[in-house]
Amino acid sequence: MTGVLEVRELAVRISTRRGVVRAVDGVSFDVGRGEALGLVGESGSGKSMTLRAVLGVLPPEARITAGQVLLDGTDLVPLDGAALNQIRGPKLAMIFQEPMSALNPVMRVGWQIAEGPQVHLGYSRARAAERAVELMRRVGIPDPEQRFRSYPHEFSGGMRQRVMIAIALSCDPEIILCDEPTTALDVTIQDQILRLLARLCREAGTSLVFVTHDLPVVAQVCQRIAVMYGGQLVERGEVREVLLDPHHPYTLGLVRSAPDVENVRETLVPIPGSPPSLISPPPGCRFHPRCEFAEDDCRETDPPLRPLPGGRATACLHDERCAGTLELDRARP
Amino acid sequence: MTASLPAAAPPGPAPGEPILAARGLAVSFPAGSQLAARLRGGEPRVLRAVDGVDLEIERGESLALVGESGSGKSTLALALAGLNRPHAGEITFAGRAMPRRRSRADQRRIQLVFQDPYSSLNPRLTVGGMLRELLRVHRLVPREQVAQVTAELLAKVGLDEEALTAYPRQFSGGQRQRVAIARALALQPDLLIADEPVSALDVSVQATILNLLAGLQRELHLTLVLISHNLAVVRHLCDRVAVMYLGRIVEVAPTEQLFSDPRHPYTRGLLAAIPKLTAAAAPDGPPAVAGDPPSPLRIPAGCRFRTRCPIAQPRCESEDPALAAPPGPAAAPGPDGPARHLAACHFAFTADAMAAGPPPDGAAGADGRHP
């Protein structure tokens, strides 16, 4: 499997008055063709910042200080805005959490969908409009000919997210980046959008990077998962293997603290403490102050992401201690 | 564990009687310009947010209100707490009908915790100042005990005494929610309504707040109404679930019964739509519930779910189904009192119609796990 997107040792620093925030610190992952990767973590873990760095839309005070973002072998990091604009759309598309703030409120949605093909694929106005109607039909917007002339405020939240998906698909990108695309939606609408996104990507062979804090959503949409903590990648692997048998105590903590609709437990097990400061992160493993398995070596060595059998990887020195905890939880009455 | 913070034990109905009951409760809001409507000579447009709700909440239970946004669950909660004016129906609290304007003493006994504690706490009051003010205004404890009671409140929600001198902005999201809970508990409520209390929090912090709520409910014999769109949270925390759709309760049942044997097609869809940790990847097939919910400005005639319902019949267009128990012997009072499983669907308790519906993959998965 060839990687469409390869992120290598990516580092993002943000300058603030209180110091330099190491928001993303040496993150590496691959996304294969047609594959969906879930990037999960709590707020402040660096997952959204990673995504924005890949897309080249970091906030002004943040910059990439090291690493590569290879899309089909081309490094995007050194490219300027004009060169990136050639890539965003036909190769790389993005779906945001809040479609209302990502859509142009004074432009008819049909023309917003048609804009990409006009600019990037050289379509005529009429042909681009036809393409927009066809895309609206594909994403399940009823009466696409009529709705073409509507404005974003005339759509419901779920329909707006469908418009966003149509825009993302409009130039047949190789990979779509999604930042919490269904967090603002109701559960029945979330189900519709997730199914739609998964089906369209499978049909077109499009890859997905799916940023979310919701583990069941990742299990539903993605084949692989990468877990971030304190700006670093702490575990990655096949979704079900990672979620059912975590090899990093942070992943284990996430799974144990979330109520599971299929598996009711007497009490939830929260992760003690709070996330680390990324201005002066703790020495050694960044998770050690909150980790129940921490040893002396965890306080000294910064553990690298090391491969495990089965294509998995963990950044825990004592990952074997996680084994069996979830089974014990399940066995408990 | 506390001498000076007694568990609420006001005069009221005997155990088993509802602490709070709503009959035919309706709340509506004028929509759009009333002047324009009058000039046109038509009826003013009305948004029926809560449209005929019957609900009984028993003392000491935890009841969940679930439903999509716009289903009226928050409006219903505000009406129950006396914070907005219903235009029809009545509310009985502790055996007494509540007037439109409640006395301060009655208001005190139902407290709310909101989703975003940052916008519901006064940024210019320290936590100690906030709690002292409440205790003073409501004259709940003698002056010389105020300091002791505030310290006990903080201990109850798991905060240090240092928090007394801190302002809301100095806390993390989870701690702020603890402050909001302490503030609600300061008034020794009988009923605590929590409106999406953990939706704005990270997963690991959610767990601490959910555990806290569960512990407090047991310890203080509180009655809890939890409003949430997260059905996993609901299943974890609540004894009973009421499902709302477009201003009505469409199904209400004990939690395990609702999850293992949902009777209303909307509930079945809702359960099937929950993403599951162990589900098969890349779901194929149709979505659990198709379409968007209709606007509460234009509620469909007949059954309000029929526009999205997989088993709708011609009858559903004309007859509005009432929230009812199964007919026949199943309705006979069981050990826990009267029939506890109600659904507002013509076909809720007929086996054939349910079999014709889509396979409830979520519900089927839950079936196997529960004895």
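The values are calculated or read from the model by the stated rules, or taken from the named source; none is laboratory data. Fair warning: this is a prediction, and the values are worked out from it, not measured in the lab. Because the Cβ atoms are built from the backbone with ideal geometry, glycine has one as well, and the counts that use them run over all protein chains shown. Note: areas computed on protein heavy atoms with side chains; ligands, DNA, RNA excluded. Shrake-Rupley method; radii C 1.70, N 1.55, O 1.52, S 1.80 Å.
Of the residues that make up segment B:226-248, is at least one within 14 Å of another protein chain (Cβ to nearest Cβ), farther than 28 Å from B:ARG48 by Cβ, in contact with a Phe, Trp or Tyr (Cβ under 9 Å, 6 or more places away or on another chain) and modelled with pLDDT under 90? Scanning segment B:226-248 turns up no residue that is within 14 Å of another protein chain (Cβ to nearest Cβ), farther than 28 Å from B:ARG48 by Cβ, in contact with a Phe, Trp or Tyr (Cβ under 9 Å, 6 or more places away or on another chain) and modelled with pLDDT under 90. If you check B:LEU135 against the conditions, is it away from every other protein chain (no Cβ under 14 Å) and under 18 Å from the mean Cα position of the chain (by Cα)? No, not satisfied. Inspection of segment B:92-102 identifies no residue that is among the hydroxyl-bearing types (Ser, Thr, Tyr), open to solvent by less than 10 Å² (accessible area, probe 1.4 Å) and either part of a strand (DSSP E or B) or closer than 21 Å to B:GLY247 by Cα (or both). Taken over segment A:108-140, the criterion of being touching a residue at least 12 places away in the same chain (Cβ under 8 Å), open to solvent by 40 Å² or more (accessible area, probe 1.4 Å) and over 28 Å from the mean Cα position of the chain (by Cα) is satisfied by A:ARG108 alone. Selection of first residues in segment A:272-284 that are within 22 Å of B:LEU201 (Cα to Cα) and of second residues that are among the aliphatic types (A, V, I, L, M) and crowded, with 18+ Cβ neighbours inside 10 Å, restricted to Cβ pairs under 7 Å at least 6 apart or on distinct chains, gives the following pairs, ordered by first then second residue: A:LEU278/A:VAL21; A:LEU278/A:ALA23. Residues of segment A:197-233 that are assigned to a strand (DSSP E or B) and of a type in the set (A, V, I, L, M): A:LEU208, A:VAL209, A:VAL211, A:ILE225, A:ALA226, A:VAL227, A:MET228, A:LEU233. The condition (being of a type outside the set (Gly, Ala, Ser) and in contact (Cβ under 8 Å) with a residue 24 or more places away in the chain) is satisfied by just one residue among A:ASP143, A:ASP172, A:ASP191: A:ASP172. If you take the residues in segment B:172-182 that are modelled with pLDDT of 90 or more and over 17 Å from B:LEU226 (Cα atoms), which one is least open to solvent (accessible area, probe 1.4 Å)? Top of the filtered list is B:VAL179. Looking at segment A:213-227 only, could you name the residues that are open to solvent by less than 10 Å² (accessible area, probe 1.4 Å) and either more than 15 Å from the chain's Cα centre (by Cα) or facing another protein chain (nearest Cβ under 10 Å) (or both)? Residues satisfying the conditions are A:VAL217, A:VAL218, A:ALA219, A:VAL221, A:CYS222. The set of residues from segment A:1-13 being touching a residue at least 40 places away in the same chain (Cβ under 8 Å), open to solvent by 10 Å² or more (accessible area, probe 1.4 Å) and either within 21 Å of A:GLU174 (Cα to Cα) or assigned to a helix (DSSP H, G or I) (or both) comprises A:GLY3, A:GLU6, A:ARG8. Pairs linking a residue in segment A:14-37 that is free of Cβ contacts under 8 Å to residues at least 40 places away in the same chain to a residue that is open to solvent by less than 30 Å² (accessible area, probe 1.4 Å) and in a strand (DSSP E or B), with Cβ atoms under 6 Å and 6 or more positions apart or on different chains, are A:ASP30/A:GLY3. Annotation: A:VAL40 fulfils all but one of (1) out of contact with any Ser or Thr (no Cβ under 8 Å at 6 or more places or on another chain); (2) touching a residue at least 12 places away in the same chain (Cβ under 8 Å); the unmet one is (1). Evaluate the following for B:ALA288: is it in contact with a helix residue (DSSP H, G or I) (Cβ under 7 Å, 6 or more places away or on another chain), open to solvent by 20 Å² or more (accessible area, probe 1.4 Å), more than 9 Å from chain A (Cβ to nearest Cβ) and closer than 26 Å to A:PHE155 by Cα? Answer is no for this residue.
Here's the yes/no breakdown for (1) modelled with pLDDT of 90 or more; (2) within 14 Å of chain A (Cβ to nearest Cβ); (3) outside any loop (DSSP other than H, G, I, E, B); (4) touching a strand residue (DSSP E or B) at 6+ places or on another chain (Cβ under 7 Å):
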| site | (1), (2), (3), (4) |
| --- | --- |
| B:PRO293 | no, yes, no, no |
| B:PRO296 | no, yes, no, yes |
| B:ARG304 | yes, no, no, yes |
| B:THR307 | yes, yes, yes, no |
| B:PRO310 | yes, yes, no, no |
| B:GLU317 | yes, no, yes, no |
| B:ASP320 | yes, no, no, no |
| B:ALA330 | no, no, yes, no |
| B:HIS346 | yes, no, no, no |
